Every structure is written in structure tokens, then in C-alpha cells.
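Report on the following structure.
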Amino acid sequence: MNRIEDDDLRELLPALRRFALWLARDASAADDLVQTCMEKALSRWTSRREEALKPWLFSILYRQFVDDKRRARRWGRLLDAFGWNDEPQEPSAEDTYAARSALASFEQLSDDQRAVLLMVTVEGLSYEETAAALDIPIGTVMSRLSRARKAYRELTGETAGISLRRVK
Amino acid sequence: MNPLIPTEDELHAYVDGQLDVARRAQVQAWLDDHPEMAAEVAAWRRQAETLRTALPTYLLPTNAALDPVAVRRTVRRRRQRRLALCASLVIAIGVGGLGGWQARDMSMAAAHPPMQDALEAYRTFATDRLRPVEMDASHASDLETWLSARVGRPMSLPDLQGYGFKLLGGRLLSTSDGAAALVMYEDSQGQRMTLYVRPSTRFPGNLSGSRQDNGLLAKYWFRNGYGFAVVGLANDPRTAQVQAAMPAAT
């Protein structure tokens, strides 16, 4: 029984890591995210309803990401309140990574928009699955998708596709 | 209104391949007639293509720690570590509590050494030249009866004439455990020795010992809920002799 679920999980691992990477924008943070997600998935395996594995895993990971962010923000506010937050908000490694990636524009989208766009276009989840994974109504998925596409287009212009192909 | 005009949602669904076949064909036909919208849709499609093709290039080297088997192991180890931590906390609290309790006993004992009141009684009354006792030895049997009745235990006053001490008299004292009797002896030079008897619940069993304290030597023992002490000058060899003979006599 363990072997079957392990194989299923293993198969989705690359997609999870990719999703996490594009949410967290930092390789080690992404893997931490995936690790926590896997732990939660394994401990909640039995309580999982009859839903597809992929959206279920994505929803765990996304919620973890949002929680982490909220916690980091709260912590940051606390540090700010005491005047200790001297470090730059964005580590320089991330900046160089973003610049190199040529997907910098994508990274400028909000977390919500990135999550929707990734789930729909890259991971191929249906709108229903995306709505379930993000725990939002399907109408919200559509409006976020629309805003994300327009914002992304504005940020990239028509040259994005060409320059990205060069990166490869 | 032409029902064939697709909504924006339908255009997204078209790009994402989430339209059924029939509607897909209609949208396709409509887009053929509307190049402006078709350009927009093509741009969305390029975006999706961009993301799809760009992302794999950033795929990380495999991370063995993320494999389900490894994650299971990590979770198990963490649980064991937590259990061990809990256990060590319980043990630490237990050891600390027990040790603290014993330390409390020890410090109590250090702060209140057994039969310290016998020594204090000696210092208070044996040095008193005018009225060291309440009842003198002229009626030795009355003294014995009185002390026995008040202390609640038959008291036989030992004869220490063989050591050069004769009975001077006795007095009652009060302690936190009840009435105590102080019996005093005196030699021809006026040097004194006392026998002190008090109820005692703090030291059960047959504890006994001796202690030297500021020039005084006390020997004490406990029997049947009472504590006994013989106190004399430490530099007088007769003190130890009397003390050695005493338990048998009481």
C-alpha cells in the first residue's frame, strides 16, 4: 500500500518542486516547501477524500506557502517594530536569479496570479481543480487568470517569447 | 447579440484546452474573423508556451530528501527525537524534583540539627546561678512524678553520683511538639550537666548521634516518639563517660 502511494507521490514530485520554485523563487526555500508538503501529505493520506492527487498536493503546498509568507510578514513587522530589520527584503541571490531567468516579469505578478497561471497553463489543472486547490470559487479563478494574462502581457510586451527562447 | 461571440472566460478556456470540441470549433471560427482578438489569444498562448518551456530549464538536481521514503524516515526520526526529548524532560524534572526534595530535607536538617533545643536549654539555664531549676532535688520522687506526668512518659532520673554529679533539680520547657523536661546535675565545682527529654516526631526510628557545639558536647538518641539528650562541657572527660552510660539507664 505504501509502495503505491510512494510511486504516485514520486511521480508528482517534479511538478510539485517546479510549482514551489516558481512560488518561492528560491531553490532551497522551494524544497523546504515541498518537504513540508510531503510530510503533510503523508500524514493526511488517510483523511484524503476522493480527489485527484495532483490538485490535492498543490493545495497543500500552496496553503503552506501562504502560511509561511504570512508568518514571515508577521515576523518582519515585529522586526520592523523593534528596528532590527536592516536586511534587504530581497536577497541579492534572488535578484540575480530573477535577472538571469528572463522570467522576471512573471515574477512580478502577485502570488495569487502566479499560482493560477502556473496551475492552469503549466500543470494543466482544470479550472475546477484549480479552484479546489486554491480554495476559491471558479469565478475568482477566471478573473485572476484574466488579470494575470493581461498583466503578464503588459510586463513582457511581444518580445517575451523570443527572449525566453534565447534563454534556453 | 450573436450567441457565437465567445466570452472572455471562453477565450481563456480555448487557450487552456478546456472547451468541448463543438464550442472549440465555433470559437476558432470566430477568431478567424477577428484578427485583433486572435492576436490577443495568440499572445496568451505564447505566454503559456513560454512558461511551459522555460520552467523545465530551471528544474533542480534531484533532491533525495524529498523522496517519500526519505520523508517518511525524517518524520519518524523527528517523532523519535521528540519522544526522547519528552522522556529526558520528564527524567530531568523527576531528578530535579527528587533531588530538590532531598536537598530540602538536608537543608532542613542542617538548619535544624536534631535536639538543638537541648543545647539551647543548657545555655539558657545551666549558666543561671540564681534559679537554674523550677523544682529542686529535695523531693526527688515528687520531681520525678511531676516531670513524668507533664512529659507523658515515665521518667527515672539517673544517679550520676559516681561521676561526681548530684541531682540539682528540674524544670519544664515547652517545644513545638509538647512539654519537655530538663533535669540538671551539678558537681562540687558548680559545673553542670543536663538530661533533656522531649516528644519528637521528626526523627522516627532509632536515630542517635552526638554533636559538639561551641564548647558543649551533646549526645542524643530517639526512642518511641521521644528524643533524649545529655549535654555537658566538651572539655570535661566525664561528659563522654556519662553519655556512654546513659541510654541503658533511661
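Key figures
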quantity	calculated
From the options B:Pro154, B:Pro199, B:Pro237, B:Pro204, residue that is modelled with pLDDT of 85 or more, surrounded by fewer than 13 Cβ atoms within 10 Å (Cβ to Cβ) and farther than 28 Å from B:Leu130 by Cβ	B:Pro237
Filter result for the condition that a residue is of a type in the set (D, E, K, R) and under 30 Å from B:Arg171 (Cα atoms), over B:Arg131, B:Arg76, B:Arg46	B:Arg131
Set B:Leu89, B:Leu83, B:Leu19: member being more than 60 Å from the chain's Cα centre (by Cα) and either surrounded by 10 or more Cβ atoms within 10 Å (Cβ to Cβ) or more than 14 Å from chain A (Cβ to nearest Cβ) (or both)	B:Leu19
Among residues of region A:27-48, those that are loosely packed, with under 15 Cβ neighbours inside 10 Å, touching a helix residue (DSSP H, G or I) at 6+ places or on another chain (Cβ under 8 Å) and of a type in the set (Ser, Thr, Tyr), counted	1
Qualifying positions in region B:132-146 - in contact with a Lys or Arg (Cβ under 9 Å, 6 or more places away or on another chain) and of a type outside the set (Val, Ile, Thr)	B:Pro132, B:Glu134, B:Met135, B:Ala137
Any hit, region B:179-194, residues being under 38 Å from the mean Cα position of the chain (by Cα), over 22 Å from B:Lys166 (Cα atoms) and not in a helix (DSSP H, G or I)	yes
Flag for B:Leu19 being hydrophobic (A, V, I, L, M, F, W, C) and not in a helix (DSSP H, G or I)	yes
Of all residues in region A:20-48 being of a type outside the set (A, V, I, L, M) and facing chain B (nearest Cβ under 9 Å), the one that is nearest to B:Arg73 (Cα to Cα)	A:Glu39
Residues (β-branched (Val, Ile, Thr) and under 13 Å from B:Gly232 (Cβ atoms)) located in region B:156-205	B:Val183, B:Thr194
Residue in region B:1-13 that is under 24 Å from A:Met119 (Cα atoms), touching a residue at least 12 places away in the same chain (Cβ under 8 Å) and of a type in the set (Ser, Thr, Tyr) present	no
Long-range neighbours under 8 Å by Cβ, at least six apart or interchain, first residue closer than 13 Å to B:Val242 by Cβ and in a loop (DSSP other than H, G, I, E, B) within region B:154-169, second polar (S, T, N, Q) and at pLDDT 90 or above	B:Gly164/B:Ser188
Criterion: under 17 Å from A:Arg153 (Cβ atoms), within 13 Å of chain A (Cβ to nearest Cβ) and modelled with pLDDT of 85 or more - qualifying residue of B:Ala70, B:Ala39, B:Ala54	B:Ala39
Scope region B:101-145; condition assigned to a helix (DSSP H, G or I), surrounded by fewer than 14 Cβ atoms within 10 Å (Cβ to Cβ) and not polar (S, T, N, Q); matching residues	B:Trp101, B:Ala103, B:Arg104, B:Asp105, B:Met106, B:Met108, B:Ala109, B:Ala110, B:Ala111, B:His139, B:Asp142
Any hit, region A:49-62, residues being surrounded by fewer than 17 Cβ atoms within 10 Å (Cβ to Cβ), at pLDDT 85 or above and within 14 Å of chain B (Cβ to nearest Cβ)	yes
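The values are calculated or read from the model by the stated rules, or taken from the named source; none is laboratory data. Keep in mind that this is a model prediction, so the values were computed, not measured. Reconstructed Cβ throughout: ideal geometry from the backbone, glycine too, with neighbour counts over all protein chains shown.
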